[in-house]
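The structure appears right after this line, and notes come after that.
Just so it is clear, none of the values below were taken in a lab; they were calculated from the coordinates. Only a predicted model underlies this, so the values are computations on that prediction, with no experimental measurement involved. Glycine gets a Cβ as well: all are built from the backbone with ideal geometry, and neighbour counts include every protein chain shown.
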Amino acid sequence: MGSHIKSQSSVDSNFTRHLPKVELHAHLTGSISPQTLHDIWLERKGQDPSMELDDPLKVMSTEKEHFNVFTFFPLFDTYIYNLITSVSSIRQSTLAVLQSFYADGVRYLELRTTPRAVPGTSISKQIYISTVLDCMDEFFQSSGNDMSIYLILSIDRKNAAEEAAQTVDLAIEFRNQGRPVVGVDLCGNPARGDVSTFRVAFAKAKDAGLKITLHFAEIPASSTEDELRALLSYQPDRLGHVIHVPPKFKEEIVEKKLGLELCLSCNVLAKLTEGGFAEHHFGEWQKTGCPIALGTDDVGVFGSSLSNEYLLAGQHFSLTKADLLGLSRSAIECMFGGNEEKDKMYKLLNDFQELKSASP
Ligand SMILES: CNc1ncnc2c1ncn2[C@@H]1O[C@H](COP(=O)(O)O)[C@@H](O)[C@H]1O
């Protein structure tokens with residue numbers, strides 16, 4: 001009874017930080033902090049003073065107007081991908097990202113990244129992915145196996161069908177080598193591309209037993225009947241963002257109980273939604289019974305950690321500690337890593353709940 005009363009109390013940052021969390025929607029490059037990018041920039045500037053890229057602390061300053069859907073996507077192609085061009089900087093940034101999720105209380109992480117070769121170097125897509133996977137292995141061991149980490153490979157909407165197929169092939173190849181690759185994602189600038197291009201690639205991913213998650217209805221232009229019908233025909237296991245979803249698609253999603261990856265700060269700060277946090281569509285989806293996993297999307301850009309996302313949900317939707325525990329449990333349902341991983345997370349949450357209810 002005591003534990004019941006305590007868990008009804010309002011949420012605070014101490015609670016959300018210590019809550020064992022599941023992060024399922026985090027883009028690796030967008031998760032790199034401005035400080036880590038700055039460190040990499042300083043080192044490159046030291047080696048090559050004529051390097052023309054501006055200081056990340058200036059480019060990504062949160063004091064200026066926040067990135068919106070038009071300014072956000074070029075940040076990767078024209079800036080960050082030009083800064084992180086060596087195996088050592090891929091390693092440095094990936095390890096820093098893993099460390100910050102861990103320090104924030106994430107205990108199960110599915111990171112996603114778009115395979116990329118670095119022009120003018122020997123870094124192929126394969127080398128890029130194996131470097132990221134090596135960092136994940138290293139981090140897993142050095143954290144005392146405390147945070148499980150899996151990888152999802154992203155297809156970018158601007159990709160041609162062949163590139164998308166290559167991404168799926170890479171996912172299958174690494175998964176078959178026993179590396180922790182669990183799925184394939186569709187991301188990228190929602191104003192670009194025709195998603196029907198990727199039919200064959202996603203069919204191959206499905207056949208190979210990979211899980212599928214898709215960025216879905218992020219902006220009105222990517223929420224047409226044709227697009228959403230095509231995306232649902234790829235039989236996704238989870239959907240990301242689900243912002244501008246027309247009622248009949250909503251019904252279908254609810255009927256299938258698809259897992260939903262919702263990113264409050266990203267949507268509000270990038271102005272993908274209107275009305276601020278209080279009007280975020282989390283409020284609507286929460287009533288539908290679809291399992292929800294809060295996610296950071298791009299913590300390096302939007303500056304809000306996963307524990308802060310839980311805090312924001314608590315504050316803006318009047319959720320109690322018990323509600324946030326329930327939300328964490330619903331994120332577990334959405335995990336791609338299998339039942340053993342789910343059981344491990346449920347246990348962590350139960351232990352946490354007991355500890356909280358026992359503490360004065
Ligand atoms: C508004 N939210 C979003 N919507 C769609 N795609 C997004 C995104 N945030 C990030 N990305 C995708 O992730 C890539 C960077 O990470 P990786 O190099 O893959 O690790 C971006 O190029 C973009 O395609």
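Observations on the model:
- Taking segment 93-153 and dividing mean pair separation by its residue count, relative contact order in percent (alpha carbons under 8 Å, at least six apart): 47
- Computed label-point distance, nm, for sites Thr71 and Glu251 using a 7 Å Cα→Cβ extension: 4.2
- Residue by residue, segment 287-304 carries 3J(HN,Hα) couplings of 7, 8, x, 6, x, 10, 10, 5, x, 8, 6, 9, 5, x, 8, 8, x, 10 Hz when phi is fed to the Karplus relation 6.51 cos²θ - 1.76 cosθ + 1.60 (θ = phi - 60°); x denotes Gly or Pro.
- Lys287/Asp12 FRET efficiency (R0 22 Å; Cβ-Cβ; nearest 0.05): 0.30
- Across segment 229-350, the relative contact order, built from alpha-carbon pairs under 8 Å that are at least six residues apart, equals 23 percent.
- Ellipticity at 222 nm from helices only: DSSP H runs of n ≥ 4 in the chain, each -39500 (n - 2.57), divided by the residue count, give -14500 deg cm²/dmol.
- Compactness of the chain - radius of gyration and Dmax, Cα, Å: 19.8, 66
- For segment 132-204, the set of GluC sites (Glu not before Pro) satisfying both a DSSP loop assignment and a count of at most 10 other C-beta atoms within 10 Å is empty.
- Here the relative contact order of segment 2-103, from alpha carbon pairs under 8 Å that lie six or more residues apart, stands at 38 percent.
- When all alpha carbon pairs of segment 50-182 are counted in 5 Å bins from zero, the resulting P(r) reads 2, 9, 17, 19, 20, 18, 11, 4, 1, 0 %.
- Straight-line cross-link partners of Lys344 among the lysines, defined as a Cα under 16 Å from its Cα and at least 8 positions apart when in the same chain: Lys21.
- The spread of Cα positions in segment 209-296, taken along each principal axis and listed from longest to shortest, comes to 35, 25, 23 Å.
- Neighbourhood net charge (12 Å Cβ-Cβ; Lys/Arg +1, Asp/Glu -1) for Tyr79: -3
- Theoretical FRET efficiency, 1/(1+(r/R0)^6), r = Cβ-Cβ of Asp54 and Glu354, R0 51 Å, to 0.05: 0.55
- Here, segment 271-360 has an Rg and a Dmax of 14.3, 42 Å when only alpha carbons are counted.
- Using θ = phi - 60° and Karplus 6.51 cos²θ - 1.76 cosθ + 1.60, couplings along segment 218-224 (whole Hz; Gly, Pro as x): 6, 10, x, 5, 9, 10, 6
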